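*Asks:* Next up is a structure, given as structure tokens.
The values are calculated or read from the model by the stated rules, or taken from the named source; none is laboratory data. As the structure is a computational prediction, the values presented were derived from the model and not from experiment. Cβ coordinates were reconstructed from backbone atoms using ideal geometry, including for glycine residues, and neighbour counts include every protein chain displayed. Quick note on the areas: whole protein, heavy atoms, side chains included, nothing else; ligands and nucleic acids left out. Shrake-Rupley method; radii C 1.70, N 1.55, O 1.52, S 1.80 Å.
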Amino acid sequence: TEADEMRTVSRRMALAGIEVFAQQRDIRRESVSDTLLRIAVLTVALVFLLLVMVSALTRLARVRASQAEENRTTRERMETIISTSLDAVVVTSADGRIIEYNGAAERVFGYPRAEAIGADVADLMMPDHMRKAHDEGMKRYNSSGEARVIGKGIVQLEAKRRNGEVFPIDLSLARAQSDEGEIFIAFMRDISRRVADETALREARDRAIAGEKSKAELLAVMSHE
């Protein structure tokens, strides 16, 4: 009798344990399902984010490629313009070293491109009597940013050829930013012929004025006599 009673209790305990284990398995199953669902949602979100990133990177790559093509076209156009310009074009770095030098500059100054590139622009092209003013101007510009020639339009100055000849030029100086830092672009035109023509015209005018004055004085004397 006691054994039968214990068997009934044991059966109830076993059934209760099985029920508890079943509930725990259900809870674990639901937890695993929730975890799998979260992983699935997160995976979908990551895949969507990756697709968005791939699309953005593809679009950025196309934009960069387009910009690179535009920059290449612009650079080639500018190089063509500089190389075919009738004016001497000399580009220098912030420390005065020549980094670009076109064919017109070769004709005007007499230095071949291979010799000019990397040289100090003041040593090659500046007359001795202008070096002090140039050095002071660059020192003032570097310390305070004050520019008296840069960006001021066309300025008439003097330059020096390879043979030492000093001649007049029209100079237009601009500045720009590059990957290597600030650069200076100088457009120079040899105006020796124009200055010579202007001097000849002034001398002819002065002679004409002197002749008219002498004629007027002669007429005055003759009239008086």
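Quick grid of which residues meet (1) more than 30 Å from Tyr101 (Cβ to Cβ); (2) in contact with a Phe, Trp or Tyr (Cβ under 6 Å, 6 or more places away or on another chain); (3) hydrophobic (A, V, I, L, M, F, W, C):
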| site | (1), (2), (3) |
| --- | --- |
| Thr8 | yes, no, no |
| Ala16 | yes, no, yes |
| Ala22 | yes, no, yes |
| Val47 | yes, no, yes |
| Leu50 | yes, no, yes |
| Arg62 | yes, no, no |
| Glu69 | no, no, no |
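*Asks:* Whether any residue in the stretch 164-187 is among the basic types (Lys, Arg), over 25 Å from the mean Cα position of the chain (by Cα) and within 20 Å of Tyr101 (Cα to Cα) is what I want to check.
*Replies:* Within the stretch 164-187, the first condition is being among the basic types (Lys, Arg), and the residues that meet it are 175.
Applying the additional criterion that residues be over 25 Å from the mean Cα position of the chain (by Cα) yields none.
No - not one qualifying residue is present in the stretch 164-187.
*Asks:* Okay, next question. Checking Glu76 against (1) part of a helix (DSSP H, G or I); (2) within 19 Å of Ile154 (Cα to Cα); (3) open to solvent by 20 Å² or more (accessible area, probe 1.4 Å): exactly one of these is not met. Which one?
*Replies:* Every listed condition holds for Glu76 apart from (2).
*Asks:* Which residue pairs have Cβ atoms under 8 Å apart, sit 6 or more places apart or on different chains, and have a first residue in the stretch 7-30 that is hydroxyl-bearing (Ser, Thr, Tyr) and a second that is surrounded by 10 or more Cβ atoms within 10 Å (Cβ to Cβ) and in a helix (DSSP H, G or I)?
*Replies:* Cβ pairs passing all conditions: none.
*Asks:* Same structure, new question: Please determine whether any residue of the stretch 66-85 is within 30 Å of Ile185 (Cα to Cα), in contact with a helix residue (DSSP H, G or I) (Cβ under 9 Å, 6 or more places away or on another chain), modelled with pLDDT of 80 or more and among the small types (Gly, Ala, Ser).
*Replies:* no
*Asks:* So, one more: Is it the case that the stretch 41-60 has a residue that's not in a helix (DSSP H, G or I) and not β-branched (Val, Ile, Thr)? Before you say what the answer is, go through the steps one by one.
*Replies:* Taking the stretch 41-60 and keeping what is not in a helix (DSSP H, G or I), we get none.
Within the stretch 41-60, not a single residue is not in a helix (DSSP H, G or I) and not β-branched (Val, Ile, Thr).
*Asks:* Go through the stretch 87-103 and count every residue that is open to solvent by 10 Å² or more (accessible area, probe 1.4 Å), small (Gly, Ala, Ser) and under 16 Å from Ala159 (Cα atoms).
*Replies:* Going through the stretch 87-103 one residue at a time, the tally reaches 1.
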